[in-house]
Amino acid sequence: MEETRKGTPASEATPAAPEPCGRREFIADAVRIGGGAFAILAGADALGAEPDKYDWDAHRWAYLIDTQKCIGCGSCVRACKAENGVPDGYFRTWVERYQVSPEASHVDSPNGGMHGFPAVKTAFEPTKAFFVPKLCNHCKETPCVQVCPVGASYRTRDGAILVDGERCIGCGYCVQACPYGSRFISPVTHTAEKCTWCYHRITKGMKPACVEVCPTSARQFGDMKREDDPVRLAIAHGRVNVLQPHLLTEPQAYYLNLDKEVR
Amino acid sequence: MEHARHVFRVLLVLLVLVIVVVVGRSFLIPRSFGMYGSYRFDNVAEQANARPPLHRGARSCADCHDDRSQALAKGSHARVSCEVCHAPLGTHVKDGDVVAKMAVDPSVRMCGYCHQKIEGRPDKFPQVAFEQHVEGGLGDRGCLDCHDPHSPKL
């Protein structure tokens, strides 16, 4: 029997003498429900089935966005759509354009920025204009996981917030709970969907698709558990900010050169 | 003694209830639920294997198209990944075999995604007001009639 890992509730079943089938089942079930050794074995198989054994304890992912580098080309949005088969009209990542003056501001994101941005004349004279890429912030203290009534939303040990489509009942509480508008109920599966940081890529040593295609490196992805990781270094030494820090959600998507107008 | 039988019955009913709940739960709650928190741990592996990665990165493209890759590296688009302008590699190659022609959109709109002059882009970034770019307007001409997309500087 495998050792139970740290933090996993261990339940011990006393080995009983041969008994009628019902009792044996009862003990086995009790072990399973306690998250015991049977479950550990079954679960370990699930991750061990991968070719190069991804170890989720060896990573803690973080995302870094430099808003000064973003040119609003929408490559990231198109890449995300293609990579993840995101339904039309819904976005796991999108780009917003801010046009700001001391008196007024105007924000637009036509079709998530997927097909670029039109030249727009605002009613006021903007003194600055810039693009802000948005995606799930993969918060450490995330409200979306807290409100899920069926345990479909969860945070992995490497720091990604994921949705178990098999358990999700599509109630939409998480969609309302997310202060960043990162989630939607898919019209295809009728379950909650969101950015996974391309979990199918990062577990194979690749970067999320949006980071992969960003032509100006406005989007970066890194591992906080690697001392020399450029993203870790930038977060450790640079002046970074997060969206809506007053909500104490501890986002893991960090922003460089974030303007006060951005929420 | 008669009271003792009542107590025994109540205990029996309670025991049956407990068994029903425990056995029922084991059917209703997935196997790997609760191992690392209140979620189904098997889903982590399911998500990791949800689909094969579609974008494979510029280095994968260079495996077959080294010439293009080198030309790109010398030009001002050196930092632009192939899959920004071309389609994702996964639509072109599957398991090492070419399954479809690589799609590319040669339209002005495609170049415009990055280079059309609009509010919001950083000032230093090269931007083009298409209507004023060439004398008499672009007409039917596309960007690629004059510019090589792999090394666009003239």
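The values are calculated or read from the model by the stated rules, or taken from the named source; none is laboratory data. Everything numeric in this text was worked out from a predicted model, so none of it was measured. Ideal geometry is used to build each Cβ from the backbone, glycine not excepted, and the neighbour counts take in all protein chains shown.
Quick one: would you say A:V175 is among the aliphatic types (A, V, I, L, M) and buried (at least 18 other Cβ atoms within 10 Å of the Cβ)?
yes
Every residue in region B:41-59 that is touching a residue at least 12 places away in the same chain (Cβ under 8 Å) and within 7 Å of another protein chain (Cβ to nearest Cβ), please.
Within region B:41-59, B:D42, B:P53, B:L54, B:H55, B:G57 qualify.
Yes or no: B:H92 touching a strand residue (DSSP E or B) at 6+ places or on another chain (Cβ under 8 Å), over 22 Å from A:A119 (Cβ atoms), at pLDDT 90 or above and surrounded by 17 or more Cβ atoms within 10 Å (Cβ to Cβ)?
Yes.
Looking at region B:113-133, which of its residues are assigned to a loop (DSSP other than H, G, I, E, B) and exposed (fewer than 13 other Cβ atoms within 10 Å of the Cβ)?
Result: B:D123, B:K124, B:P126, B:A129.
Please identify the pairs in which a residue from region B:129-151 that is among the aliphatic types (A, V, I, L, M) has its Cβ atom under 8 Å from the Cβ atom of a residue that is assigned to a loop (DSSP other than H, G, I, E, B), counting only partners at least 6 apart or on another chain.
As it stands, the answer is B:A129/B:K117; B:V134/B:R141; B:L144/B:P106, since those pairs meet every condition given.
Among the strands (runs of 3 or more DSSP E) contained in region A:102-184, which hold 1 or more residues that are under 16 Å from the mean Cα position of the chain (by Cα)?
Hits in region A:102-184: A:128-135, A:153-155, A:161-163.
Mind listing just one residue for me: the one in region A:151-165 that is small (G, A, S) and crowded, with 23+ Cβ neighbours inside 10 Å and, of those, nearest to A:A62 (Cα to Cα)?
A:A160
May I ask you to say which residue of A:C168, A:C195, A:C214 is crowded, with 18+ Cβ neighbours inside 10 Å and more than 19 Å from A:K81 (Cβ to Cβ)?
Result: A:C168 is the single residue among A:C168, A:C195, A:C214 that is crowded, with 18+ Cβ neighbours inside 10 Å and more than 19 Å from A:K81 (Cβ to Cβ).
Just to be sure I understand, how many residues within region A:86-137 are surrounded by 15 or more Cβ atoms within 10 Å (Cβ to Cβ) and basic (K, R)?
Result for region A:86-137: 3.
Of the conditions (1) in contact with a helix residue (DSSP H, G or I) (Cβ under 8 Å, 6 or more places away or on another chain); (2) part of a loop (DSSP other than H, G, I, E, B); (3) assigned by TED's automatic domain parsing to the domain that holds B:C61, B:L138 clears all except one; give me its number.
(3)
Mind listing whichever residues of region B:59-78 are assigned to a helix (DSSP H, G or I) and within 17 Å of B:K101 (Cα to Cα)?
Hits for region B:59-78 are B:S60, B:C61, B:A62, B:R68.
Return the residues of region A:222-262 that are under 18 Å from the mean Cα position of the chain (by Cα) and over 20 Å from A:E141 (Cα atoms); say none if nothing qualifies.
Residue satisfying the conditions is A:V231 alone.
If I go through region A:87-101 residue by residue, how many of them are in a strand (DSSP E or B) and within 13 Å of chain B (Cβ to nearest Cβ)?
Total meeting the criteria: 6.
Select from region B:96-122 the residues that are at the interface with chain A (Cβ under 10 Å from one of its Cβ atoms) and charged (D, E, K, R) and write down the one among them that is farthest from B:P149 (Cα to Cα).
Applying the filter and picking the extreme gives B:E119.
Being surrounded by 18 or more Cβ atoms within 10 Å (Cβ to Cβ) and at positive phi: is that true of A:C148 here?
Judged against the criteria, A:C148 is not a match.
Which condition does B:A71 not pass, out of (1) in contact with an Asp or Glu (Cβ under 9 Å, 6 or more places away or on another chain); (2) within 11 Å of another protein chain (Cβ to nearest Cβ), if it passes all the others?
(2)
Is it true that some residue in region A:144-152 is polar (S, T, N, Q), at pLDDT 95 or above and over 30 Å from B:S38 (Cβ atoms)?
There is no residue in region A:144-152 that is polar (S, T, N, Q), at pLDDT 95 or above and over 30 Å from B:S38 (Cβ atoms).
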